[in-house]
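Down below is the structure, laid out as structure tokens.
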Amino acid sequence: MSYEEKSAWLYGATAVVAYAVYLIVVLGRAASMPLQDVPYVAPLLWSVGGAIVGSILLHAVMGMFSAKADRAKDERDREIYRVGEHIGQSFLVIGAVAALLMAMAELDHFWIANTIYLAFVLSAILGSMAKIAAYREGFQQW
């Protein structure tokens, strides 16, 4: 498995774990109050911050145990990264449009913030899955 494929796995897994922890905390608090009244800001910020720090630390550890030659990117790696990012960004755009419409409809901040966070998570997961699929199944340049 190449360094870049390992990186895609780490990025996707970090997003899934951080969002799962966030959902557990928020839904656990919702047992005693309506969901939109749950204090979500601190768990959201901790979840995002934890995902960023966790991803940095995991990539640092992975880099320590990888030979310098393994970390070299070739043209195929750069193209897979570019296409994976473009695919992942589609969910970010969809989430931004959804949040914009929710704001225009004057929905509660809880729903808008969670829509944006979900869009970021889905973007990370979809982008990672696209990169992993390109490494596993082959990559057709168009």
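The values are calculated or read from the model by the stated rules, or taken from the named source; none is laboratory data. Please read all numbers here as calculations on a predicted model, not as lab measurements. Because the Cβ atoms are built from the backbone with ideal geometry, glycine has one as well, and the counts that use them run over all protein chains shown. In case anyone asks, the SASA skips ligands and DNA or RNA and just uses the protein heavy atoms, side chains included. Shrake-Rupley method; radii C 1.70, N 1.55, O 1.52, S 1.80 Å.
Per-structure values
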quantity	calculated
Point-charge dipole on Cβ atoms (K/R +1, D/E -1) for the chain, about Cα centre, debye to 20	320 debye
Base-10 log of normalised Debye intensity for the range 87-142 (one unit scatterer per alpha-carbon) at q = 0.19 Å⁻¹	-0.65
MRE, 222 nm, helices only [DSSP H, n ≥ 4, -39500 (n - 2.57), over the chain, to nearest 500]	-27500 deg cm²/dmol
Percent RCO, i.e. relative contact order, over the range 1-133, from Cα pairs under 8 Å lying at least 6 residues apart	38 percent
J(HN,Hα) series, the range 88-97, from Karplus relation 6.51 cos²θ - 1.76 cosθ + 1.60, nearest Hz, glycine and proline x	x, 5, 4, 5, 5, 5, 4, x, 5, 5
Trypsin sites (Lys or Arg not before Pro) restricted to DSSP loop in the range 50-142 with at most 14 other C-beta within 10 Å	Lys73
The chain - accessible surface per residue (Å², probe 1.4 Å)	63 Å²
Partners for Lys68 among aspartates and glutamates (Cα-Cα distance below 17 Å; same-chain residues under 8 apart left out)	Glu4, Glu5, Asp77
Cα-based Rg of the chain normalised by 2.2 N^0.38 Å, two decimals	1.21
Stokes-Einstein translational diffusion, the range 1-75 - Kirkwood Rh over all Cα pairs, 1.002 mPa s, 20 °C, in µm²/s	151 µm²/s
Accessible carbon and sulfur surface of the chain relative to its total accessible area, %, 1.4 Å	70 percent
R0 of 25 Å, Cβ-Cβ distance Ala31-Val61: FRET efficiency to nearest 0.05	0.10
